[in-house]
Amino acid sequence: MEPRLVQAPISLVFSESSLNHEEYEREYHQLSESDGNAINQWLKLAKARGETAETDPVLLNLVVELHNKIDALEMFLKNEEPSRVSLTAAAKIDSIGFEYFNLADDLLEVDSEYYGRIEMPVHPKRDIGIFFKAQTKTLAKITRIHDRDEKEWGSYMTARERVLIREARENK
């Protein structure tokens, strides 16, 4: 049975997971905690204590994102980069499903397991770490993804599907 896929232009960098499994595991867990910077930790604590109850959540998120952008700009000006594990291949994902994605080119070895980083085109932009297994030379099944990232992945897929449906209606 073929998985249901939706067109979605996303970038992926990946390597066979056996090449450096320990480092890939470490990065996988670090990426799940990527909102572990100081301002996001403060916001989580403030929300837990109920200190943000009377604050406009959209405005609060925008201020936090502005702070994160300033941090990123500061890192850029200082020529600092977040430490990421070096991965051996880059690819373009042309379509996604809830548990699958399809690459634009034949880059995978069937039944091989991989670790990858996907730059999610959502707000706020961030990388997610995934482990996946090649079903064909282009089709991959996601075997491990963090809960939060899985929800974001599903939301993005649903949003892409809505856009494509809207475009199809407009073209009739």
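Quick grid of which residues meet (1) closer than 26 Å to Thr158 by Cα; (2) touching a helix residue (DSSP H, G or I) at 6+ places or on another chain (Cβ under 7 Å); (3) of a type in the set (D, E, K, R); (4) modelled with pLDDT of 85 or more:
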| site | (1), (2), (3), (4) |
| --- | --- |
| Glu22 | no, no, yes, yes |
| Ser34 | yes, no, no, no |
| Gln41 | no, no, no, no |
| Thr52 | no, yes, no, no |
| Leu59 | yes, no, no, yes |
| Glu99 | yes, no, yes, yes |
| Glu109 | no, no, yes, yes |
Does Gly154 qualify as being of a type outside the set (Asp, Glu) and in contact with a helix residue (DSSP H, G or I) (Cβ under 9 Å, 6 or more places away or on another chain)?
-> no
Looking across region 120-158 at residues that are over 18 Å from the mean Cα position of the chain (by Cα) and assigned to a loop (DSSP other than H, G, I, E, B), the single one that is surrounded by the most Cβ atoms within 10 Å (Cβ to Cβ) is Thr138
Answer with yes or no whether Leu73 is more than 30 Å from Leu19 (Cα to Cα) and among the hydrophobic types (A, V, I, L, M, F, W, C).
-> yes
Of the residues that make up region 103-112, is at least one among the acidic types (Asp, Glu), out of contact with any Cys (no Cβ under 9 Å at 6 or more places or on another chain) and surrounded by 14 or more Cβ atoms within 10 Å (Cβ to Cβ)?
-> no
Quick one: is Val13 among the β-branched types (Val, Ile, Thr), within 18 Å of Ala140 (Cβ to Cβ) and surrounded by 12 or more Cβ atoms within 10 Å (Cβ to Cβ)?
-> yes
Of the residues in region 147-162, those that are closer than 13 Å to Ser32 by Cα and touching a Phe, Trp or Tyr at 6+ places or on another chain (Cβ under 7 Å) number 0
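The values are calculated or read from the model by the stated rules, or taken from the named source; none is laboratory data. Keep in mind that this is a model prediction, so the values were computed, not measured. Note that we place each Cβ from the backbone using ideal geometry, even for glycine, and neighbour counts take in every protein chain shown.
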